[in-house]
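Every number here is computed from the coordinates shown, using simple stated rules; none is lab data. Note that the structure is a prediction, hence the values are computed from the model and not measured. Every residue, glycine as well, gets a Cβ built from its backbone with ideal geometry; the counts of neighbours run over all protein chains shown.
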Amino acid sequence: MGVDMQFDRGLAHKASSAFLLFWAVLSIAGCSKEPGSATGERRYPLTGEIMSVDAKRNMLTVRHNAVEGLMPAMAMEFSVSAGDASLARPGEHIRAELVLENGQTPRLETIWPDDRASVDAVEAGATALREDTHDRGPHPYREVGEKMPDFTLYDQTGRVVQISRFRGKQIMLDFIYTRCPDPNMCPLSTAKMMATQRLAKDAGVTNVEFVSITLQPEYDTPGVLKEYADVRGIDTSNFSFLTGPRGAILDLLNQFGVIAEFQGDFVKHTLATLLIDADGKIIWRDEGSTWDPADFVARMHKGPAVAAAAH
């Protein structure tokens, strides 16, 4: 205990000294506002290793690499979102955006895992999915009755998720994004997925997973998705929110037949909710947000022994 306390004090002192050095460097570099920016916000790519986490204050101490055009490698504290703070663990390697804003504590946004194994797995999955989409020709859309595509993404805890994670389970799947402003689109779709989850549990359906894939991976990082689920009180024991490379998301949209038009922070898109059986075959699809949760539950198998008559 004594050794840990000494280390923490030393770490805090180093972080505080680095913070002062940071502001000295920033002053030399100049603090003028960027044209058209009311707050002087500036963003820099940052990579590093988490040294300590203060979840109560939503602060991370990160030993980061040199930030090009700003400061050398050092260890210092950064403000983060509640979702990012809840996921962070000492020793984890991350990549993020360092956000500087006049008069504000430096903060990190768009935080992603940066360990080699995770990055390689997700990149390999994206490459395989790209090839699969290309091989399907100009119309890669998968009809009801076809197998769902393989994919490798991150979930709301930052873990790598491959399709094998759901092997032997039914999957109810949709696409949403956390900043969707239309209450009749993504917010309603999420509310209906939650209602279906509750109804399925009450009906004794134990072999089903609920999956929502983001339409806006540039913003919807694992930490953002974690906070989205936490704020809504979602039971994530069998409900995963997935994100990953933009290319992989676009390939999934094409293969699942969801149309999305990206306009900055806003995404104009269609809605589709699918039910996939335990063998990975798409067995039902409903467009829009007017579907009935009870209808999806009626189409689910309650277990391996339930006959196909449930359909």
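General observations
- GluC sites (Glu not before Pro) within region 99-159, DSSP loop, no more than 13 other Cβ atoms inside 10 Å: GLU143, GLU146
- Stretch gain in nm, segment ALA66-ASP182, where the contour uses 0.36 nm per residue and the Cα spacing is subtracted: 37.7 nm
- Charge dipole of region 116-310 (Cα centre as origin; +1 on each Lys and Arg Cβ, -1 on each Asp and Glu Cβ, all else neutral): 420 debye, rounded to the nearest 20.
- Projected label points at GLU218 and ARG57, each 7 Å from Cα along the beta carbon direction, are separated by 3.3 nanometres.
- Of the peptides 133-140, 170-177, 281-288, the ranking by mean beta-carbon count within 10 Å, highest at the top, reads 170-177, 281-288, 133-140.
- Set of region 246-283 residues, backbone N closer than 18 Å to the point 7 Å along the Cα-Cβ line of TYR141: 250-261, 269-275, 282-283
- Region 116-310 shape via C-alpha gyration tensor axes, a/c threshold 1.5: rounded
- Residue pairs, from the table LYS226/LYS281; LYS147/LYS268; LYS147/LYS302; LYS192/LYS281; LYS268/LYS302; LYS56/LYS201, whose Cα atoms sit over 25 Å apart: LYS226/LYS281; LYS147/LYS268; LYS268/LYS302; LYS56/LYS201
- Region 86-144-region 190-246 distance, computed between alpha-carbon centres (Å): 18 Å
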